[in-house]
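Okay, so here's the structure we're looking at.
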Amino acid sequence: MFNVAYRWLWDRADAADVVQETFLRLWRMREQVRVDTVDALAFRVAVNLAANRRRSRKLWGFVPFSGREQSGRDVEKDVAARERDARVRRAIEALPILMRRVVVMTEMSGLSHAEVAATLQFPVGTVVFRRSLAMARLRGTLADVDLAHA
């Protein structure tokens, strides 16, 4: 869940806040939540909270895509990695919101198509289709980017 929130907000502290708020909201509505749907509900709440926080923030700070911290590595490599990370991030952000949600949840958080479908309340086929379209767009946009070292 943290990974989903992080990929929406690109800020560790904000993502942690979203996860905490998600569980707080689930706790408050625990009497109405069914055990068999709690996972999907939790992800839906987290995605909505992250989207709301992102909308309200407007200006983003630069956060590397891979979450790397600065170290004693070569400065030129760090700059190249940050530029590549920024391009990948912009490409993901440019996707239509429903495609972006599917990509973040399947590719970056490792959720299955069925889990994403339950979370977003779509048929599994819709999730597969949107993921396929999104990945095709990303491949086209990032054709010249070396993602092997991302």
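Apart from one condition, residue 63 fits all of (1) at pLDDT 90 or above; (2) under 17 Å from the mean Cα position of the chain (by Cα); the exception is (1).
Conditions (1) modelled with pLDDT of 90 or more; (2) of a type in the set (S, T, N, Q); (3) at negative phi; (4) not assigned by TED's automatic domain parsing to the domain that holds residue 40, marked per residue:
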| site | (1), (2), (3), (4) |
| --- | --- |
| 99 | yes, no, yes, yes |
| 108 | no, no, yes, yes |
| 115 | no, no, yes, yes |
| 119 | no, yes, yes, yes |
| 123 | yes, no, yes, yes |
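Taking segment 83-113 as the range and being within 9 Å of the chain's Cα centre (by Cα), in contact (Cβ under 8 Å) with a residue 40 or more places away in the chain and either closer than 14 Å to residue 127 by Cα or not in a helix (DSSP H, G or I) (or both) as the test, the residues that pass are 101, 104, 105, 109. Just give me the residues in segment 1-54 being of a type in the set (Val, Ile, Thr) and in contact (Cβ under 8 Å) with a residue 40 or more places away in the chain, in sequence order. Within segment 1-54, 4, 37, 47 meet the criteria.
Among the conditions (1) buried (at least 18 other Cβ atoms within 10 Å of the Cβ); (2) modelled with pLDDT of 70 or more; (3) in contact with an Asp or Glu (Cβ under 9 Å, 6 or more places away or on another chain), residue 39 misses just one, which is (1). Only residues that are touching a residue at least 40 places away in the same chain (Cβ under 8 Å) and within 15 Å of residue 43 (Cβ to Cβ) were counted across segment 117-150, and they come to 4.
The values are calculated or read from the model by the stated rules, or taken from the named source; none is laboratory data. None of the values given here were measured: they were computed from a predicted structure. All Cβ positions, even for glycine, are placed from backbone atoms using ideal geometry, and neighbour counts span all protein chains on display.
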